[in-house]
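What follows is one structure encoded as structure tokens, with my remarks underneath.
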Amino acid sequence: MKEIFNINGKNKKIELRPDSTLLEALRDNGFTEVKNGCEEGQCGACLVLVDDVSVNSCQILAMSVKDQTIVTSKGLGDQHKPSIIQEAYVDAGAVQCGFCTPGFVISTYSLLKKNPNPTEEEIKSALDGNLCRCTGYIKIIDAVKLAAKRMNGGEDNEK
Amino acid sequence: MYRDDIKWHEIKTIKQAWELLQQEGNVIYSGGLGINRTKSEKIRGFININSLSLKYLNFEDNKVIAGAGVSIAELIESPVNKGNVYSYICNLFSKAASTPIRNRMTIGGSIVDFPIWSDIVPALIAVNAEVTLFNGKEITVNIEEYIQKYQKELHILLNISFENNRDNFVGYSNRLTQVRFDYPALIVNITGIKQDISLNNIKVVVSGTKSKVEVFNNMENKIKDNFKLDLDFIKDVRFSADYKNKIANVYIEDGLKIMNGRVK
Amino acid sequence: MKNNFKTVNHSVRKIDGLGLATGEELFTDDYDIRDCAVIKLMPSPYAYAEITDIDESEALKMEGVIDVLSYKNVERIMHTTAGQSYPEPAPYDCAIFDNTVRFVGDKVLAVIAEDEKTALKAIKKIKVKYNILEPALDYEKSEDRETSRVHTEKDAIQIIPIKFQPEKNIASEVNAVVGDVEKGYKESDEVMEDTFYTQYAHHCMMEPSSTKGYIDGRGRLVLITSTQVPFHTRRIVSHATKIPVSKIRVIKPRIGGGFGNKQEALLEPIVAFAVWKHRIPIKLILKRDEVFVFSRTRHPFRIKYKVGFNKNGEIKAIHLDALQNTGAFGTHALTVVSCVGSKILPLLNKIPNMLFTGKAVYTNLPAGGAYRGYGATQGYFAYTQMIDVICEKCGIDQAEYYKKWHIKTGETSEIFKALGEGKPGHIFKIDSCELTQCIDKGAEAIDWKSKKAKYSFKNKKNKNERYIKGIGMGCFMQGSSVPYIDMASVYIKMNDDGSFNLNLGATDLGTGSDTVLSQIAAEVLETSINNILVISSDTDVTPFDVGAYASSTTYLSGLAVKDCAEKIKKIIKKHAAKKLAVKEEDIDLFEGNAFIKGSKDSCSYGEICTSAMHIDEMEQIQATSSRVSKSSPPPFSAHFAEIVIDTLTGNIKVEKYVTATDCGVCINPKLAEGQVEGALVNGLSYALIEDYSFSKKGNMMNNGFGKYKIYTAADLPEIITIMAENSYENTGPYGAKSVAEVCINGPIPVIANAFYNATGKRLHKAPFKPEYILEILGE
């Protein structure tokens, strides 16, 4: 069946089943920046924003968010016009294999929207739903701090 | 699930939802986390109750009333000035699952589903929460009664409520996991009233046992030196049943010490 | 020494970083190939069984089912899935489909269908009959006469002359001798021995194992696959399917981590066979539960040491004995066992008598494979605690002990020669070693000496404290490539605007090697990294490289890049000299321009290349280079951990962990630190919680991230990462050695040493779960 979804600010006709997860619906329709890492709500590679809040797209059925806005990492920014968060991840050395990164970017967005000046402990807590095996998380935590600083107009803001 | 024949029922009233629910194969869909986990082949239709406006959070007469559709994150992040019981609940709820899961997980779903690793139900039991449900008519019952009876029957959960603040309330909680984001192998929640040096109305809630959750009321009358509970835990791939029993007792002892003010 | 590098030794942005962060870079399953059929594998429900009948008739009648592949219709060609250079030092003990299944989750057959839903339904309709056999589940009993033999097939072979004895359940065996240990024990004041066990673990790379294949417009097979070894994969696929190498193109897209798991041609032969037979696009993407069981794992080990030493701590003789559970297949069996000796014994190189005995045995459990650390991780558990015991017995500070005895610049180890990969190794001298600096800096960062005394169980006054602290340390080494086995090659060409195409065989599996190798090229070519355009790992387009393993890419592929770029530089100078009418030696290159020395007369790279291609010589400025490694310079690392033990619950909490690492010059310091931190956190998680839990019948019970937990950011201790200064490896590119593996070796033994410091008791079994800790504390 076909339904219209609001994804990354545009209404898009999506082909899906009534029991497609949001992850399946997105990936099957070209939103491959949303990654499939485990399909059990554990790894966070599939995170998207539903009405500006991060959720595991593998754990919910697409039809249940038909009337809500959906934003993926690519919706926050692309190479032509990257978001501050995405730039901060690159600058902090927080991207290694990058399979988990779009999910981390979504978590970071969700955190900084609620809490523009998180402490280190708050950052660690907010990232508890994202797995990364490459970085050991240290550079990712640096990236969140850097993004917060830049968003608040701190130094390094030219990027 | 891979089913093309599943129906999405958009409804406007509780009554409509109730009628559909009585038809075989229909299930309530709110956050959807529990449903996705079951991957049940028996499901024929989803009753989407997101249109029922169950996303309210009201505060009246020292009571917190949370609609079934409120997410755990919304309850925790509510900007109101929280009383001691509400703060206790928020602290316990903030341990459940992970940040993105809490963003989606609804209070209603957590109670209706009540998996053995639930952080939500044992927390609500510890503060004597009440549940309002619809099963043809609207009724309000204590959560323990709900778990014993109504949870197993067809119903639509409408809201939960608990005290915001209780004079001299003290609470303790601990959960056994391997890492921060891990389903608890057991939870010990203790609440009580601390007046001067005496601790009363002690309620101990232990989850993870074969009966999912065990509740002990007025424990001040039973706790003596070398007090030990012998609980029947299930074993899992992480911890043995014996170990869980040992840890439950360590937590209970820790909790009573802390609540008595002997340890900060 | 101060280096005036312009691109090297700078934390330039990872070239694919932004595309990965936005999600525009593509991984295997992100490639949009229309009407791509899917393969689902039927997992064996039994640990060991012979398949006596398969009835697929009902499945084949279903609409959308394309084929069912099994031993009945796929030619049996024995091969190894180990992605290593030919001839592989791993037994040819598997076929694409076999009539025997050897672990729970082994592939019985494959369904090809138009979509996943149909494939899953079809699998349910296939009836398989089994003759169930008694499985071999305890690797310490694998060699016993009563235990079933895992490989009884007559056609399993080992193609190089190393011991392969399936009739004894032995997949591989290796021994190495230096001096005479018996003599050494006699000369010692004390001789002691001990035994340690390490557990199964999974790499948990975030991208599941994935392969896609299709037939291109010229009838050739194209595989887009998540692999660390594209060239080995092409060769192994060709061998296992009889598709000629000339008909196969392997493309490695972005890879979502590997850590050794993807040093295997595991899915590719299945997909290749299916695509070649049906001439349609087909993909095989494992689900996470399959990844845990069906893809490769870390080999569990039993490690024994016997050591003879004098009262002053001098070791006279050591025997390390390693018994590996290789699981159902001997992939990487020999080489992982060998590394227990070869990556550990050279660390204290002055021990005159050394014996290494290693054996890999089969069981009916998931197969081991390559995993970051590669045997060293398991072996250091025993070795590093052994050093700790000697220091404690002799009253010597561990940090001082290592400083006195560790291998130094200009020295060598007999082990380098005695122990190679299935043959003797090669002797080489250590060119750079800043381990002493690492020990000093790490010790200072954690306040080693005073905390060690303060926390020591010997100095504890109150014996009944619930929470007790401890501190431990250890030193580690690894290698950088395998000498005279690993090879890397590169092609560079220059473009009209002065940019360069850098075509690498090397495989970036997420580490950032495309960036690091571009930095090396940019440094040589006196240009910006933005002018280096990398393509890596496409068997049609790029020259050969062994792939991403053995900590070889920065070192060896880096040498090939440097060599190749220097050739290009010469050609540029030649053209510039002609254009500027001076001698070649009078030309200086600087920021993309050629200058006449001491003058401002110059021409740009763009002008040089444009005239070379279009106006004057009419030639392409290009070069290739191919390098074999002649040495394997070890990176070194000193680790320190501070822990708190809850003696009532048995919970160990790491409070602080310090690593100080010598990897030579860091080509990209942030990426190098990322390697250290990634390896460390993986190691911490492995030390404390990760393990496979099997049922009595050999079924893995925790094959999902819900039950097999790994650390998140919320679980981290305080971590301090120190990189050694002034280390310069002359045999490497711009002074670089490797960094990827060494730090995963630390956490298990260092935490165990800290536990001893706190309690006076030794840990012998990883992981250090609370119940095990309580058991030890209760003894």
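The values are calculated or read from the model by the stated rules, or taken from the named source; none is laboratory data. Keep in mind that this is a model prediction, so the values were computed, not measured. In this analysis, Cβ positions are derived from the backbone assuming ideal geometry, glycine residues included, and neighbour counts consider all displayed protein chains. Ligands, DNA and RNA are excluded from the accessible area calculation, which covers all protein heavy atoms including side chains. Shrake-Rupley method; radii C 1.70, N 1.55, O 1.52, S 1.80 Å.
A compact table of results
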item	result
Among (1) open to solvent by less than 60 Å² (accessible area, probe 1.4 Å); (2) within 14 Å of chain C (Cβ to nearest Cβ) - the single one B:Lys235 does not satisfy	(1)
Leading residue by the ranking (nearest to C:Met205 (Cα to Cα)) among those in the stretch C:710-720 that are more than 7 Å from chain A (Cβ to nearest Cβ) and surrounded by fewer than 23 Cβ atoms within 10 Å (Cβ to Cβ)	C:Pro717
Out of A:Ile70, A:Ile123, sole residue that is open to solvent by less than 10 Å² (accessible area, probe 1.4 Å) and in a helix (DSSP H, G or I)	A:Ile123
Criterion violated by C:Gly425 - all others in (1) open to solvent by 40 Å² or more (accessible area, probe 1.4 Å); (2) in contact (Cβ under 8 Å) with a residue 24 or more places away in the chain satisfied	(1)
Any hit, the stretch C:693-708, residues being more than 11 Å from chain A (Cβ to nearest Cβ), assigned to a loop (DSSP other than H, G, I, E, B) and within 30 Å of C:Leu559 (Cβ to Cβ)	no
Pick from the stretch C:375-402, criterion out of contact with any strand residue (DSSP E or B) (no Cβ under 9 Å at 6 or more places or on another chain) and open to solvent by 10 Å² or more (accessible area, probe 1.4 Å), ranking: farthest from C:Lys761 (Cα to Cα)	C:Glu400
Scope the stretch A:16-67; condition aliphatic (A, V, I, L, M), open to solvent by 10 Å² or more (accessible area, probe 1.4 Å) and over 24 Å from B:Ile6 (Cβ atoms); matching residues	A:Val53
Near pairs, Cβ below 8 angstrom, 6+ apart or cross-chain, from the stretch B:97-109 (facing chain A (nearest Cβ under 9 Å)) to any residue that is polar (S, T, N, Q) and open to solvent by 30 Å² or more (accessible area, probe 1.4 Å)	B:Thr99/A:Ser125; B:Arg102/B:Ser94
Any chance C:Thr331 is in contact with a Ser or Thr (Cβ under 6 Å, 6 or more places away or on another chain), open to solvent by less than 10 Å² (accessible area, probe 1.4 Å) and closer than 25 Å to C:Ile96 by Cβ	yes
Residue satisfying all of: in the stretch B:206-264; assigned to a helix (DSSP H, G or I) and small (Gly, Ala, Ser); farthest from C:Lys769 (Cα to Cα) among these	B:Gly255
Lone qualifier among C:Ala679, C:Ala581 - being open to solvent by less than 10 Å² (accessible area, probe 1.4 Å) and of a type in the set (Gly, Ala, Ser)	C:Ala679
From C:Ile492, C:Ile471, residue being of a type in the set (Val, Ile, Thr) and in the same structural domain as C:Leu556 (by TED's automatic domain parsing)	C:Ile492
Matching residues in the stretch C:22-59 - criterion: being farther than 30 Å from A:Gly75 by Cβ, touching a residue at least 24 places away in the same chain (Cβ under 8 Å) and open to solvent by 40 Å² or more (accessible area, probe 1.4 Å)	C:Pro43, C:Pro45, C:Tyr46, C:Glu50, C:Thr52, C:Asp53, C:Asp55, C:Glu58
Where a residue in the stretch C:380-392 is closer than 13 Å to C:Lys343 by Cα and its partner, wherever it lies, is crowded, with 20+ Cβ neighbours inside 10 Å and among the basic types (Lys, Arg), with Cβ under 9 Å and at least six apart	C:Tyr380/C:Lys343
The one condition in (1) open to solvent by less than 10 Å² (accessible area, probe 1.4 Å); (2) part of a helix (DSSP H, G or I) that C:Lys670 fails to fulfil	(1)
Criterion: farther than 24 Å from B:Ile143 by Cα, in contact (Cβ under 8 Å) with a residue 60 or more places away in the chain and over 20 Å from the mean Cα position of the chain (by Cα) - qualifying residue of B:Ile258, B:Ile223	B:Ile258
Identity of the residue in the stretch B:141-171, touching a Ser or Thr at 6+ places or on another chain (Cβ under 8 Å) and within 27 Å of B:Met259 (Cα to Cα), that ends up surrounded by the most Cβ atoms within 10 Å (Cβ to Cβ)	B:Ile160
Which listed residue, of B:Val70, B:Val27, is of a type outside the set (Phe, Trp, Tyr) and without any contact (Cβ under 8 Å) to a residue 24 or more places away in the chain	B:Val27
Strands (runs of 3 or more DSSP E) within the stretch B:17-63 that include 1 or more residues of a type in the set (Asp, Glu) and more than 9 Å from every other protein chain (Cβ to nearest Cβ)	B:57-60
Residue count, the stretch A:77-88 (criterion: within 8 Å of chain C (Cβ to nearest Cβ), touching a residue at least 24 places away in the same chain (Cβ under 8 Å) and open to solvent by 40 Å² or more (accessible area, probe 1.4 Å))	0
Total residues in the stretch C:560-571, condition out of contact with any Asp or Glu (no Cβ under 9 Å at 6 or more places or on another chain) and surrounded by 24 or more Cβ atoms within 10 Å (Cβ to Cβ)	2
Conditions (1) facing another protein chain (nearest Cβ under 8 Å); (2) of a type in the set (A, V, I, L, M, F, W, C); (3) closer than 20 Å to A:Leu131 by Cα; (4) not in a loop (DSSP other than H, G, I, E, B): number failed by A:Leu49	(1)
The stretch C:201-221, residues that are within 15 Å of C:Ala272 (Cβ to Cβ) and surrounded by fewer than 24 Cβ atoms within 10 Å (Cβ to Cβ)	C:Tyr214, C:Ile215, C:Asp216, C:Gly219, C:Arg220
From B:Asp242, B:Asp196, residue being free of Cβ contacts under 8 Å to residues at least 12 places away in the same chain and within 14 Å of chain C (Cβ to nearest Cβ)	B:Asp242
The stretch C:727-741, residues that are surrounded by 24 or more Cβ atoms within 10 Å (Cβ to Cβ) and touching a helix residue (DSSP H, G or I) at 6+ places or on another chain (Cβ under 7 Å)	C:Gly732, C:Pro733, C:Ala736, C:Lys737, C:Ser738, C:Val739, C:Ala740, C:Glu741
Verdict on B:Asp113 being modelled with pLDDT of 95 or more and within 14 Å of chain A (Cβ to nearest Cβ)	no
Residue selected from the stretch A:89-113 under the condition touching a helix residue (DSSP H, G or I) at 6+ places or on another chain (Cβ under 7 Å), more than 7 Å from chain C (Cβ to nearest Cβ) and in a helix (DSSP H, G or I), by the criterion most open to solvent (accessible area, probe 1.4 Å)	A:Tyr109
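Quick grid of which residues meet (1) assigned by TED's automatic domain parsing to the domain that holds C:Phe768; (2) out of contact with any strand residue (DSSP E or B) (no Cβ under 9 Å at 6 or more places or on another chain); (3) within 30 Å of C:Ile572 (Cβ to Cβ):
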residue	(1), (2), (3)
C:Ile615	no, yes, yes
C:Glu619	no, yes, yes
C:Gln622	no, no, yes
C:Ala641	yes, no, no
